[in-house]
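Accompanying notes for the structure given below.
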Amino acid sequence: MLNKLTSVNNPKVKAVVRLRQKRAKDSFSTIVEGVKEVEMAISAGVSFSEVYVCEKNLKERQLLKKLKNPCFVSEEVLHKMAYGQRNEGVLAVCEMRPRSLPEKIKTGGLYVILEKIEKPGNLGAMLRTCDAAGVDGVIVCDPKTWIYSPNTVRSSLGTVFTVNVYTADQEETAAYCRRHGIKVYAASPHGRKRYTDCNLKQATAFVLGSEHDGLSDYWMNNADQQVLIPMLGKADSLNVAHSMAVLLYETLRQRQFNC
C-alpha cells in the first residue's frame, strides 16, 4: 500500500508523540484522535496537516471518504502515536490558534467566562456541556492549560472545535461585557443570590473560577451579581463543570420554557 508507515522510529511518528506528551514551544499543533472527534473537527471546517489511519482498527469506514490524503499506518504505529487507550483507527494533526473576542455578538446571547482553568479534562467536559446548551461563546481568561491540548480535545469529544472559544484577560473581558450589555454573574459558594432567582432571559455571562482557587477578587468585585448554587450536604461546592451545567440549564429553562 502506498504511503504507509510501519516503523515507530519514523520521524513523523516521533513528532506526533512529542505533541501527545507536551506541546512544543511556539507550536499550535494538536492531536485529534477518534472517529467522533475527527468528524467534529471536519464539520467545523478544521484543516488537518496530517491524517493517520489504521484500516485494521478503523471503526467507521465511511470516514475514509471525508479524509484527504490519509497516511496508512500499522497497528503498532497508531498505538505509539495515540493519546489514550481507545483505538478507533484514526488520528489527525491540526493547528489551532487562540481567537480574540469578536466585534459583533448575538443579541441576548449566552456566554461562559472561565478564569484560570487548570485541568484540560475539566475544560473539555465544560466545552461539551456548552455545545449541548447552545452557548454562543466561551471566553477563557488567563488559562493555566492549553485550550486545544489533546486531553481537552478528547474529553470534549471534539466539541472544542464546534464551540466559539476566545481568549482574553480579565480587564478586556469585563470591558467587553459592559460594552455589549452582557450581564455578568459570578458563580461562588459565597454568592448573595440564588441562581434560580436571577432573570437569565437577557444577555448573560456566567464566570467560573479554577478548581482549586475559585474566582478571583477581580470577578467577585466586577461582576454584576454574585450567585450561588445551594449546597444541602456536607460539601461546600460542586465540581466547576457540574456547576456550569446547572447554571446553563437553568438559563435554558427560563428562556425556552418561559418559566
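What to note about this one:
- Amide H contacts of residue 166: 138, 139, 140, each under 5 Å away and 5 or more positions distant or on a separate chain (H built 1.01 Å from N in the peptide plane; Pro and chain starts excluded).
- Residues of type aspartates and glutamates that residue 116 reaches as a straight line, Cα spacing below 12 Å, ignoring anything fewer than 8 places off in the same chain: 142, 169, 211, 213
- Those GluC sites (Glu not before Pro) in region 25-109 that DSSP places in a loop and that have at most 12 other beta carbons within 10 Å: 103
- In plain terms, the residue of 197, 224 with the fewest other Cβ atoms within 10 Å comes first and the most crowded comes last, giving 197, 224.
- For residue 59, a cut-off of 27 angstrom between C-alpha atoms picks up these lysines, skipping any fewer than 8 places away in its own chain: 4, 12, 14, 36, 68, 80.
- Phi-based couplings in Hz for region 217-234 (Karplus 6.51, -1.76, 1.60; Gly and Pro marked x): 4, 4, 6, 5, 8, 9, 6, 6, 7, 8, 10, 10, 9, x, 10, 9, x, 8
- Degrees separating the helix 11-21 axis from the principal Cα axis of the chain, which is the longest one: 20
- Spatial separation of Cα centroids for region 46-105 and region 117-177, in angstrom: 21
- Classification of region 4-95 by its C-alpha gyration tensor yields an oblate form. The axis ratio a/c (a ≥ b ≥ c) is 1.5 or more, and b/c is at least a/b.
- Along region 137-146 the Karplus relation, 6.51 cos²θ - 1.76 cosθ + 1.60 evaluated at θ = phi - 60°, assigns HN-Hα couplings of x, 10, 10, 9, 9, 6, x, 9, 9, 6 Hz to successive residues, with x for each Gly and Pro.
- Under the criterion of Cα pairs below 8 Å and six or more residues apart, the relative contact order for the chain equals 19 percent.
- Whole-Hz couplings from phi, Karplus 6.51/-1.76/1.60, listed for region 88-103; x for Gly and Pro: 9, x, 8, 8, 10, 10, 9, 9, 10, 9, x, 10, 7, 4, x, 6
- Region 12-95: chymotrypsin sites (Phe, Trp or Tyr not before Pro) falling in loop per DSSP and having at most 15 other Cβ within 10 Å: 28
Every number here is computed from the coordinates shown, using simple stated rules; none is lab data. Please read all numbers here as calculations on a predicted model, not as lab measurements. Counting neighbours? That spans all protein chains shown, and the Cβs are built from the backbone with ideal geometry, glycine included.
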